[in-house]
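Just so it is clear, none of the values below were taken in a lab; they were calculated from the coordinates. If you're wondering where the values come from, they're calculated on a predicted model, not measured in any experiment. Note that each Cβ is placed from the backbone with ideal geometry, even for glycine, and that neighbours are counted across all protein chains shown.
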Amino acid sequence: MKGYRPKDPVGDERWKAIAMQYSEFDRHIELFSGESGARCPSGCGICCTGAWEPEITAPEAEFAARYIIEAREDLQQRFELLQERECCIFYDHHNPFHCMIYSVRPVICRGFGFSGYTDKNGSFIYRPCRHMECSDPRKPPLSGPVLSDYQAQYTLEYREVLPISEAVFHAWQKLQYRFSLEAHDSPESRE
């Protein structure tokens, strides 16, 4: 299947929309980080190593799975770690970002420690990771990125969530199957 590019206009549009959302969220996080002084400690990665694994929806999982299929086939071997995993299978302590899928990581991973939520009055509430460095922890920021605002824009219809490792594996299986059927039915395969 190497080199095969599926024809998927609906999926392509959805993935473009997710990429744009990620880009906008990253921009918002960068502005927030600059204003608040929020920074992860160098080499930390604690958020990726715990027994708790963030849960994501199908569109985010498909986005990461497609990246693995199209750009990082070497990561397919990571799925063999699913049953024995102690944390996200894409965690890598040798990587400066600690993530093998950093460029396509889900919203929850992007926003951890750099986003907040709104209370019932619509006020921004920020609670940084306890390991983070902030300019002045006694002076909380008045506004910043709200995680749920970025998740909801493309995941409203998806209620089922799975831990990231499982979600990406299931999406990868689904895409591999679909792409293999499309490749089999392509005009080139009939020659």
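In nm, give the distance between the simple-model label positions of Leu181 and Cys44, each being 7 Å from the Cα along the Cα-to-Cβ direction.
4.4 nm
For Ile56, list long-range residues whose amide hydrogen, built 1.01 Å from N in the peptide plane, is under 5 Å from its own amide hydrogen.
Close amide H contacts, sequence-distant or interchain: Leu162, Ile164.
What ranking do His28, His170, His131 get, fewest neighbouring Cβ atoms within 10 angstrom at the top? Please report the intermediate quantities before stating the final value.
Numbers: His28 19, His170 15, His131 12.
The order, fewest Cβ neighbours first, is His131, His170, His28.
Would you list Glu30, Glu160 from fewest to most Cβ contacts within 10 Å? Display every interim value, and only then the final one.
On the way: Glu30 12, Glu160 8.
Neighbour counts put them in this order, fewest first: Glu160, Glu30.
Per-residue HN-Hα couplings for the stretch 163-179, Karplus 6.51 cos²θ - 1.76 cosθ + 1.60 at θ = phi - 60°, whole Hz, x for Gly and Pro?
Once rounded to whole Hz, the list reads x, 3, 4, 5, 4, 5, 4, 5, 5, 4, 4, 4, 5, 4, 5, 4, 5.
At Ser103 and Lys174, where each label point lies 7 Å from the Cα along Cα→Cβ, what is the point-to-point distance in nanometres?
Going by the 7 Å Cα→Cβ label model, 2.4 nm.
Among Arg14, Arg66, which comes first, second and so on when ranked by fewest other beta-carbon atoms within 10 Å?
Working: Arg14 15, Arg66 21.
So the residues, fewest neighbours to most, are Arg14, Arg66.
For the stretch 14-57 and the stretch 98-127, what is the separation of their C-alpha centers, rounded to whole Å?
Rounded to whole Å, the Cα centres lie 6 Å apart.
Along the stretch 98-111, what does the Karplus equation 6.51 cos²θ - 1.76 cosθ + 1.60 (θ = phi - 60°) give for ³J(HN,Hα), rounded to whole Hz, x for Gly and Pro?
6, 9, 7, 10, 3, 5, 10, 4, x, 4, 4, 6, 5, x
If amide hydrogens are placed 1.01 Å from N in the peptide plane, which non-local residues have theirs closer than 5 Å to the one on Val146?
Amide H neighbours of Val146: Gly116.
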